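Reviewing the structure listed below.
Derivation of every value follows stated rules applied to the coordinates shown; laboratory data play no part. What you see is a predicted model; the values in this text were computed from it and never measured. With ideal geometry, Cβ positions are generated from the backbone for all residues, glycine too; neighbour counts draw on all protein chains shown.
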Amino acid sequence: AQKVTQAQTEISVVEKEDVTLDCVYETRDTTYYLFWYKQPPSGELVFLIRRNSFDEQNEISGRYSWNFQKSTSSFNFTITASQVVDSAVYFCALSEAGGFKTIFGAGTRLFVKA
Amino acid sequence: KAGVTQTPRYLIKTRGQQVTLSCSPISGHRSVSWYQQTPGQGLQFLFEYFSETQRNKGNFPGRFSGRQFSNSRSEMNVSTLELGDSALYLCASSLSATESPLHFGNGTRLTVT
């Protein structure tokens with residue numbers, strides 16, 4: 001069965017600090033997809049990144065970077081030099097090929113203080 | 001390109017009533033998924049439709065149902081409302097529901113009193 005665990009419920013940092021959000025997943029499939037979404041206070045979930053199970057390359061997009069490690073079933077998300085606008089709930093998610101559904105972790109609430 | 005549109009934004013209903021929520025996906029997206037978001041349970045998958053067919057269903061009672069129309073618009077219905085059905089109901093559209101990212105609407109906030 002699929003499962004996504006985000007062990008960090010809340011994280012609070014001061015602006016300009018780096019912060020890493022952890023995500024551990026479980027799946028029996030060899031083909032699967034991992035995602036990160038952001039839910040700002042306004043409520044709308046926004047897609048950030050997708051990774052498929054065959055692509056373990058890390059990715060950097062501006063201040064955001066993602067570290068995918070199949071050996072530890074982890075897909076961690078790092079924000080460098082955090083800003084107040086990064087304050088939101090971040091969700092890690094998993095979908096299996098042919099499953100037609102995406103399972104979300106419980107989310108990590110990030111507070112960035114000025 | 002217009003995003004995912006959900007109507008209404010807010011609803012207040014009484015226990016025992018039924019409710020219908022509507023979702024218009026992004027143009028060209030044929031997959032529509034529904035999620036229930038609550039503080040206690042987080043984001044839970046309700047069901048997914050593609051070309052008017054339900055391809056997957058989450059672990060919800062039969063009071064929760066949905067459908068998709070030929071233009072990909074989707075509705076979900078909850079009958080015999082219970083207090084615990086109070087939640088934010090999110091609709092998402094995508095190209096494939098598996099490997100494609102989900103594009104979410106703003107949600108419908110349902111309050112059952």
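At-a-glance table
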quantity	calculated
Net charge dipole size for the protein assembly as shown [Lys, Arg +1 and Asp, Glu -1 on Cβ; Debye, nearest 20]	660
Chain B pair-distance distribution - Cα-Cα, 5 Å bins, rounded %	2, 13, 25, 26, 19, 10, 4, 1
Student exercise, chain A dipole from Lys, Arg, Asp, Glu Cβ charges, in Debye to nearest 20	160
Model label zone, A:Asp55; criterion: amide N under 14 Å from point 7 Å along Cα-to-beta-carbon; scope the range A:25-40	A:32-36
Cα coordinate range in the range A:1-103, projected on the principal axes (Å, largest first)	39, 27, 22
Debye, to nearest 20: dipole size of the range B:8-113, +1 on Lys, Arg Cβ, -1 on Asp, Glu Cβ	200
Coarse-grained scattering of the protein assembly as shown at q = 0.08, 0.12, 0.17 Å⁻¹, given as base-10 log I(q)/I(0) from a Debye sum over alpha-carbon atoms	-0.29, -0.66, -1.23
Sequence-separation-based contact order of chain A, relative, with Cα cut under 8 Å and 6+ spacing, percent	38
Above-threshold pairs, the threshold being 31 Å between Cα atoms, out of A:Lys16/A:Lys101; A:Lys113/B:Lys57; A:Lys70/A:Lys113; A:Lys38/B:Lys57	A:Lys16/A:Lys101; A:Lys113/B:Lys57; A:Lys70/A:Lys113
